[in-house]
Amino acid sequence: MEESVLVACRAFRVALRSMALGVAASLFTALALPSVARSAPDDAPRAIAVIYPDIGEPYRTVFTTILQGIEDRARARVPSYAVGVASGTPELAAELRRRDIKAVVALGRNGLKLASGLDRQLDVVAGGVLSVPESEAQGISVHTLAPDPALLFSRLRMLVPQARRVIVVYDPRQNAWLIKLAQEAARTLGLELTALEAGDLKTAIRLYQDTLSAADPKRDVLWLPQDSTTVEESAVLPLVLKEAWDQNLVLFSSSVAHVKRGALFSLYPDNLELGRTLASWALSPPAGGGPAKGVQPLRDVLMAVNTRTANHLGINLRASSLRFNLVFPEP
């Protein structure tokens with residue numbers, strides 16, 4: 001009897017000790033869990049921010065739509081900062097550090113200029129800029145508003161299958177990088193590219209006059225890039241549009257504004273998709289190589305066409321499988 005009581009007491013003490021150890025283990029786990037939860041998993045998205053110009057309409061809506069695409073891809077609200085010409089870099093840099101931002105999407109020239117002065121540890125992805133010299137794009141991924149020549153030429157082949165040669169006059173200081181892409185795209189699509197360099201307005205006008213007088217409308221087409229030297233709006237553009245119209249020469253452009261004035265077609269930004277693309281590049285982790293550096297053409301595009309020009313050239317737009325998002329003259 002006495003022995004059985006002793007055995008029972010020992011069993012009771014073992015049970016108490018086990019319970020105490022269990023409670024202590026549970027308490028340790030409960031205390032440890034919050035610190036584990038605070039450490040982000042390796043594949044968690046990086047914190048990103050957007051810098052865009054503090055500018056009025058209609059450009060504000062453009063940047064707002066791009067921001068919407070960025071947030072759509074990020075699946076979260078993204079800190080955004082409207083910057084002016086006189087905005088200070090130190091204050092913005094301090095705010096980005098406070099938020100532990102790892103990558104910045106810079107929109108427009110002002111956004112790119114400000115972002116280029118930030119901490120070099122930040123990945124910078126720029127968009128919404130017409131053109132950037134390659135020297136300014138060192139260490140930055142710059143998505144310009146210049147449509148990818150491969151996309152332009154593929155649309156050209158679908159609309160004008162008889163086209164054999166693309167003629168372009170360009171300023172190498174602005175578009176040498178784009179012409180490299182155009183040469184590659186032309187070879188792939190079985191087109192000949194005649195790229196003529198012009199470093200000033202006088203040279204550009206002379207090249208256009210010589211080229212247009214010798215062009216064959218049955219096989220040649222003229223491409224107007226986004227180039228402030230060779231596609232000057234007041235002197236060059238009216239001359240080229242008139243000569244092309246009179247000669248029944250197909251003329252297409254990298255600027256949607258030229259379609260309204262008589263170019264056959266152009267590609268222009270799909271701002272929502274552009275935002276998603278910029279976000280994807282900003283969110284890519286450094287372990288995967290990080291965002292690619294250098295100047296990139298626009299690949300998120302919509303298409304504009306001029307029906308009056310198409311009719312003049314004898315092109316049946318209804319027979320095309322292409323989708324036209326913007327039509328001139330407006331109905």
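The values are calculated or read from the model by the stated rules, or taken from the named source; none is laboratory data. As the structure is a computational prediction, the values presented were derived from the model and not from experiment. Cβ placement follows ideal geometry from the backbone for every residue including glycine, while neighbour counts extend to all protein chains displayed.
Screening Leu222, Leu212, Leu239 for residues that are farther than 21 Å from Gly314 by Cβ, surrounded by 14 or more Cβ atoms within 10 Å (Cβ to Cβ) and touching a residue at least 12 places away in the same chain (Cβ under 8 Å) leaves exactly one candidate, Leu239. Quick check: anything in the range 235-245 at pLDDT 95 or above and farther than 19 Å from Pro225 by Cβ? Yes, the range 235-245 has at least one match.
Each row is one residue, and each column tells you yes or no for (1) of a type in the set (Asp, Glu); (2) under 15 Å from Ala126 (Cα atoms); (3) modelled with pLDDT under 90.
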residue	(1), (2), (3)
Pro41	no, no, yes
Arg46	no, no, yes
Gln68	no, no, no
Glu95	yes, no, no
Val105	no, yes, no
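Screening Leu207 against (1) modelled with pLDDT under 95; (2) assigned to a helix (DSSP H, G or I) leaves a single unmet condition, (1). Highlighted here are the helices (runs of 4 or more DSSP H) found entirely within the range 247-314 that include at least 3 residues which are at pLDDT below 95: 271-283.
For the structure I just gave you, tell me whether Arg173 is over 20 Å from Val256 (Cα atoms) and in contact with a Gly (Cβ under 9 Å, 6 or more places away or on another chain). Criteria met by Arg173.
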